[in-house]
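Below is one structure, written out as C-alpha cells; comments come after it.
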Amino acid sequence: MVLGMRLRALREKAGVSYDQAAKALHVNQTTVRRMEKAEVGLKIPYVEKLLQTYRVEREEIDAFLALAEEANRPGWWHRFRDVLPEWFSLYVSLEEAAVRIRAYEPHCVPGLLQTEEYARALLRIGFPTATDQELDRRVALRMERQSLLTKEGAPHLWAVIDETVLRRPVGGPEVTRRQIDHLIASLERPNVTLQVITLASGPHPGMFGPFQLFRFAIPELPDIVYSESLTGAGYIDQRADVATYLEALDRMCTQATPVHHTEAYLGAIRKEL
C-alpha cells in the first residue's frame, strides 16, 4: 500500500498521466491505477520501468525495488491459505503491521485474547461442516496470530467488549471461566487495555456490529477500519468515514467501565459463573 502511494506521488511529481504510464508498460490504465491502489502485486520489471519513466535516480530506483521485493514476500499466514479466505488475509497483514489496534466486539472475546478451547468452541459453531483436521488448522492460525502481542515492538490492543460477551457460555461454564481468567491475566501486559460496556449503561454508538481500527507507524498509511459480515468483510480508509468510527470508539470508552475497574468487573462475573 505504501509503495503504491509512493508510485502515485512520483508519477504526479513527474507530470506523467495514467495514459502515458500505461503506454510505457504496454498495458491499459487500469493496471497502473491498481498498482497505485495496492490491488495487485508489484511486478518488479513494471515498477522499474515506471520509475525510469518518472525520471527517478538509479540509486532511488534500486532502493524502491528492494522494498518492492520485500513487499511481495509472502507473510507467515500464507502457510494457512487452505483455511484463510483471501479477504481475511488482508486483515492478518494489517494486524501484523499496526502499532495500535482498537476493537469493539459485542458477540465474543476478540481473537487475539481467546484461549485455545474457547476458540475451538467458537470455530466449531462457525464452521459446522469442518473436519477435525480443518478445525485444528483454524485454531492453530488463531493461536499463532496471538504471538503478535508478545513480540518485540508489539502493538497496543485496546478492546471494548459488551457484557454479553462474558455472560454467553461458549464451550460450557468451565471453558468460559478459564477464558475470563485468561482475560484477567492479559491485563498484566502493558500493551493490552480492555473495557466492558455493561447492559445497564444502555445503548451506545457501536450497536450496529463489531469492528476494528488499525493505526500504523508509517506516515503514508491512513487509519483503516475493518468490519465483517457472514460471507466477507469491508475495509474503510476514507478519512471522514474512519473519523466516524474513531469518534464512536471514544464515546464508547467513556461509557464503558473505567480501565482500572476492568479486572474487578471480570472477577465479579467469573464468581457468578
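The values are calculated or read from the model by the stated rules, or taken from the named source; none is laboratory data. All of these numbers come straight from a predicted model, not from anything done at the bench. When we count neighbours, we look across all protein chains shown, and the Cβ atoms used for this are built from the backbone with ideal geometry, even at glycine. SASA here: full protein model, heavy atoms, side chains in, ligands and nucleic acids out. Shrake-Rupley method; radii C 1.70, N 1.55, O 1.52, S 1.80 Å.
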Open item on the list: Against the definition (part of a helix (DSSP H, G or I), open to solvent by less than 40 Å² (accessible area, probe 1.4 Å), under 29 Å from VAL139 (Cα atoms) and not polar (S, T, N, Q)), how does VAL92 come out, yes or no?
Closed with: yes
Task: Residue match in region 170-183 (condition: assigned to a strand (DSSP E or B) and in contact with a helix residue (DSSP H, G or I) (Cβ under 9 Å, 6 or more places away or on another chain)) - done: no
Task: Flag if GLY153 is free of Cβ contacts under 8 Å to residues at least 60 places away in the same chain and on the phi > 0 side of the Ramachandran plot - done: yes
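Rundown of residues vs (1) open to solvent by 100 Å² or more (accessible area, probe 1.4 Å); (2) outside any helix (DSSP H, G or I); (3) within 30 Å of THR231 (Cβ to Cβ); (4) not hydrophobic (A, V, I, L, M, F, W, C), yes/no style:
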{"residue": "ALA21", "(1), (2), (3), (4)": "no, no, no, no"}
{"residue": "THR31", "(1), (2), (3), (4)": "no, no, yes, yes"}
{"residue": "MET35", "(1), (2), (3), (4)": "no, no, yes, no"}
{"residue": "LYS49", "(1), (2), (3), (4)": "no, no, no, yes"}
{"residue": "ARG55", "(1), (2), (3), (4)": "yes, yes, no, yes"}
{"residue": "ILE61", "(1), (2), (3), (4)": "no, no, no, no"}
{"residue": "GLU70", "(1), (2), (3), (4)": "yes, no, no, yes"}
{"residue": "LEU84", "(1), (2), (3), (4)": "no, yes, yes, no"}
Open item on the list: Here is a list: ARG138, ARG168, ARG145, ARG178. Which entry is open to solvent by 60 Å² or more (accessible area, probe 1.4 Å), within 22 Å of GLU228 (Cα to Cα) and either in contact (Cβ under 8 Å) with a residue 12 or more places away in the chain or hydroxyl-bearing (Ser, Thr, Tyr) (or both)?
Closed with: ARG168
Task: Every pair of residues 6+ apart whose Cβ atoms lie under 8 Å, when the first sits in region 6-17 and is within 17 Å of GLU48 (Cβ to Cβ) and open to solvent by less than 30 Å² (accessible area, probe 1.4 Å) while the second is outside any loop (DSSP other than H, G, I, E, B) and polar (S, T, N, Q) - done: ALA14/THR53; VAL16/THR53
Open item on the list: Tell me the residue from ILE184, ILE218, ILE197, ILE180 that is in contact with a strand residue (DSSP E or B) (Cβ under 8 Å, 6 or more places away or on another chain) and β-branched (Val, Ile, Thr), please.
Closed with: ILE197
Task: Selection status of TYR226, closer than 16 Å to ARG100 by Cα, open to solvent by less than 20 Å² (accessible area, probe 1.4 Å) and within 16 Å of the chain's Cα centre (by Cα) - done: yes
TODO: Scan region 125-135 residue by residue and report those that are closer than 16 Å to GLY171 by Cα and open to solvent by less than 90 Å² (accessible area, probe 1.4 Å).
DONE: GLY126, PHE127, LEU135
